[in-house]
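The block underneath contains the structure these notes are about, expressed in structure tokens.
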Amino acid sequence: MENFKQLYALAVKYQTLLGYSALSLVAAVGENLFSSIVYKCPCNGWSHTYGLVFLLVPALLLFLLGFMLNIPLWRQLTGCCNAHSLERGLRYWCGKRLICFYIFLQVTFLSALPPLTWIALALLKVNFYECIVSGLPLDYIKGRFCGRNNVCIKELLLIPCASNVKLNMSQDELENILGNIRAESQVLGWCLIASVLLIAVFATCVSRCQSPVGHLQLMFWKTYIESEQKCFDQDSKQHAAKLAERNVKSFFDQEAQEIFSTPKDKDWSDICTANKWNKKKTHYTPLHKIIERKSDCDCMTGSIRSVLPPAEVNFATSGL
């Protein structure tokens, strides 16, 4: 049972990474099944359309599915465009939308990995590209593969079905054309894989170089976020349960209950925004920032109580 809890905790911790890894695996398995079982080039005027649909539509579906399964995206976009943020000033309204747009770009890159996996594998397998290229009604394509060979130009559309249809061109000509198409498709596939890896490495390097903190503090930052989320989930469940119990009791007893203190809408909105690093004051999350601000205000109004440093507060509350 303990091992199961540890596995569940790891799954929750790395749910985004596991989700995109699972989608990439689905893309790889799905492409293999589609190309070997479902896919069959019609070798007529529909060839290029048919090939493009099988190449791009599953990739689009995987891309949209990646967006739908991204929990951090929906956490940030929820309430991002409501009118209440405009009431707090144009600067806050624009800043919130810029943050949402930045997160949107990050999620777009992550969500593009499964569909790019599909496209890259499809290009390496050649079947889709062969059907697309042979069916394109372009003189440039026909001239590039057939030159001035009229027989080849007329029968280029039938090349994907060469095993089932008798062609007038020689076997050498057929192998030469198929070899060129296969080479182009596989080169495009490897170029796509290399480009994605280069962009990923470049983005990781830029992200690490522009990190506002060092490696050890970054590890501490991640640990704090995980601990804060765990405490927040536990306390929010208890708080919601107490509020529900109070309201139900008041309904059945028909008695007025004492005021139940809950966070204001502004506070809920503030802790849902993305955290912006401030070099002057260390705030690891929006919640951390709100608590520190309230503590500073209480100190300025003469409240007699000590305020622990952020790290000590975190460690003291992490066991609740």
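The values are calculated or read from the model by the stated rules, or taken from the named source; none is laboratory data. Model, not experiment: these values are computed from the prediction. Backbone-built Cβ (ideal geometry, glycine too); neighbour counts: all protein chains shown. The protein model used for the area step is the full one, side chains on, heavy atoms only, and it has no ligands, DNA or RNA in it. Shrake-Rupley method; radii C 1.70, N 1.55, O 1.52, S 1.80 Å.
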- [ ] State the number of residues belonging to the range 210-239 that are more than 19 Å from I103 (Cα to Cα) and loosely packed, with under 12 Cβ neighbours inside 10 Å.
- [x] 9
Open item on the list: Testing V187 on (1) closer than 19 Å to S47 by Cα; (2) of a type outside the set (S, T, N, Q); (3) open to solvent by 70 Å² or more (accessible area, probe 1.4 Å), one condition comes back false. Which one is that?
Closed with: (1)
Open item on the list: Restricting to the range 261-313, count the residues that are touching an Asp or Glu at 6+ places or on another chain (Cβ under 9 Å), open to solvent by 60 Å² or more (accessible area, probe 1.4 Å) and modelled with pLDDT of 50 or more.
Closed with: 1
Open item on the list: Go through (1) farther than 21 Å from F54 by Cα; (2) open to solvent by less than 50 Å² (accessible area, probe 1.4 Å) for S170 and report which single condition fails.
Closed with: (2)
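To keep it simple, each residue is scored yes or no on (1) touching a helix residue (DSSP H, G or I) at 6+ places or on another chain (Cβ under 8 Å); (2) over 13 Å from C41 (Cβ atoms); (3) at pLDDT below 90.
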| residue | (1), (2), (3) |
| --- | --- |
| L156 | yes, no, yes |
| P160 | yes, no, yes |
| S170 | no, yes, yes |
| A183 | no, yes, no |
TODO: Kindly indicate whether Q257 is of a type outside the set (V, I, T) and either open to solvent by 70 Å² or more (accessible area, probe 1.4 Å) or under 30 Å from S111 (Cα atoms) (or both).
DONE: no
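So how many residues does the range 26-51 have that are open to solvent by 70 Å² or more (accessible area, probe 1.4 Å), over 16 Å from the mean Cα position of the chain (by Cα) and either among the hydroxyl-bearing types (S, T, Y) or under 18 Å from W118 (Cα atoms) (or both)? Spell out the reasoning first.
Taking the range 26-51 as the starting set, the residues that turn out to be open to solvent by 70 Å² or more (accessible area, probe 1.4 Å) are 26, 29, 32-34, 36-38, 40, 46.
Applying the additional criterion that residues be over 16 Å from the mean Cα position of the chain (by Cα) yields 29, 32-34, 36-38, 40, 46.
Then keep just the ones that are either among the hydroxyl-bearing types (S, T, Y) or under 18 Å from W118 (Cα atoms) (or both); that gives 29, 32-34, 36-38, 40.
Count: 8.
Which residues, taken from the range 135-145, are under 16 Å from S47 (Cβ atoms) and open to solvent by less than 50 Å² (accessible area, probe 1.4 Å)?
First pass over the range 135-145, keeping only residues under 16 Å from S47 (Cβ atoms): 135-138, 141-142, 145.
Hits for the range 135-145 are G135, L136, I141, F145.
Can you name the residue in the range 146-167 that is of a type in the set (A, V, I, L, M) and open to solvent by less than 50 Å² (accessible area, probe 1.4 Å) and, of all such residues, is farthest from the chain's Cα centre (by Cα)? If you could, list the steps in order and put the result at the bottom.
Of all residues in the range 146-167, those of a type in the set (A, V, I, L, M) come to 151, 153, 156-159, 162, 165, 167.
The next check asks that each one be open to solvent by less than 50 Å² (accessible area, probe 1.4 Å); those that pass are 156, 159, 162, 167.
Numbers: L156: 40, I159: 39, A162: 41, L167: 47 Å.
That would be L167.
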